[in-house]
Amino acid sequence: MKLQISFDLTDLDRALEIAEQIHEYADILEIGTLLIYAHGTTAVERFREAFPDKVLQADTKIVDRGKESIALFANAQTDWVTVMAGTNKNVIHAACTAAHERNKKVVLDMIDSKEIGQSALEAKNLGADALLVHQPYDVEEPLEFLDKWEMIRGNTDLPIFISTRIGRDNIEDILNVKPDGITLGRTITEAEDPREEAKFFYNKCKGIEPEPEASEEEIESAEVSEEDPSTSSGRTENEEE
């Protein structure tokens, strides 16, 4: 399972600063919509300059002028773009075709789909490479969309990413439906320690168990070893002589 981390803030320098702290715990770095609104393709270019080997996604939310939009962001060197599932099918197909011609991929964002099962069914034929399923950030119940999960999963074999207000309190509910990836934003970018938070969720996605905390006895033993060098070497001064 992949972990994608979204930078949906307007301060580009701050976004890059956080990305530098957490990039090793992310499979994909997402340049969020707010960053694109504030800085345009420059945001993508700056991320590519900072992370030349990282997979980047631009959350473009394309609803029209798909070919032109794809060209702009492909030139900025993103790997993925997003297209809205609720827009005209011709727009979706044209955007996907343009992306594939440039060796880029398209995520179909299902947030505005009026018939989510039908959108999932048609996505592959329209050229989409993956689906994104989520609730709007301002919706009070972030896991409400899980009621429709089988309708989506049962109608496509494309990879599906889940994005909502995922936190430590509900991550197990998300993992239980076995998505192909999850997308986290403010959970990471607004954390007191973004690196540790990213590491926690990365390990969850990869099924890596956290390292057990040391017992009080182990801590005390380690402190004694640090205070007495002969203990750690296993040899006394007389033995060395």
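The values are calculated or read from the model by the stated rules, or taken from the named source; none is laboratory data. Just so you know, these numbers come straight off a predicted model, no measurement behind them. With ideal geometry, Cβ positions are generated from the backbone for all residues, glycine too; neighbour counts draw on all protein chains shown.
Numbers at a glance
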item: Check on Glu197, touching a Ser or Thr at 6+ places or on another chain (Cβ under 7 Å) and not in a loop (DSSP other than H, G, I, E, B); result: yes
item: Matching entry among Lys114, Lys89 (being out of contact with any Asp or Glu (no Cβ under 8 Å at 6 or more places or on another chain), more than 26 Å from Lys206 (Cβ to Cβ) and surrounded by fewer than 16 Cβ atoms within 10 Å (Cβ to Cβ)); result: Lys114
item: Any chance Ile152 is modelled with pLDDT of 80 or more, crowded, with 19+ Cβ neighbours inside 10 Å and part of a helix (DSSP H, G or I); result: yes
item: Number of the exception - Lys67 against (1) of a type in the set (D, E, K, R); (2) surrounded by 17 or more Cβ atoms within 10 Å (Cβ to Cβ); (3) touching a helix residue (DSSP H, G or I) at 6+ places or on another chain (Cβ under 9 Å); result: (2)
item: Test: residue in region 117-127 that is at pLDDT below 95 and either within 24 Å of Ile31 (Cβ to Cβ) or surrounded by fewer than 20 Cβ atoms within 10 Å (Cβ to Cβ) (or both); result: yes
item: All positions within region 3-26 that are part of a loop (DSSP other than H, G, I, E, B) and more than 11 Å from the chain's Cα centre (by Cα); result: Asp8, Leu9, Thr10, Asp11
